[in-house]
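> I have a structure here, written as structure tokens, and I will follow up with some questions on it.
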């Protein structure tokens, strides 16, 4: 039986599955609260991380609050952004 995570989580079942896979609470909640139909319509326009400069990656890491970003290489920034 799926646990009720309160009104802040729209899809409790998906949230639990993502948490079981080891995803952070924040990321699991963000994904579980995404309207799937709207997400499918808006996707596909972003550059891949590999195509971005180190400065662009650094700026994105700064926006999402990744600690230690100033000492990271481009590959480390990519990994940190993907794991966030």
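> So, in the range 61-78, how many residues would count as being closer than 20 Å to residue 29 by Cα and either touching a strand residue (DSSP E or B) at 6+ places or on another chain (Cβ under 8 Å) or part of a helix (DSSP H, G or I) (or both)? If you could, list the steps in order and put the result at the bottom.
The initial filter retains those residues of the range 61-78 that are closer than 20 Å to residue 29 by Cα, namely 61, 63-66.
The next check asks that each one be either touching a strand residue (DSSP E or B) at 6+ places or on another chain (Cβ under 8 Å) or part of a helix (DSSP H, G or I) (or both); those that pass are 61, 63-64.
Qualifying residue count for the region: 3.
> Among what's in the range 30-58 and is surrounded by 13 or more Cβ atoms within 10 Å (Cβ to Cβ) and farther than 30 Å from residue 6 by Cα, pick the residue that is modelled with the lowest pLDDT.
Once the filter is applied, the top-ranked residue is 49.
The values are calculated or read from the model by the stated rules, or taken from the named source; none is laboratory data. Model, not experiment: these values are computed from the prediction. Glycine also receives a Cβ, built like all others from the backbone with ideal geometry; neighbour counts cover every protein chain displayed.
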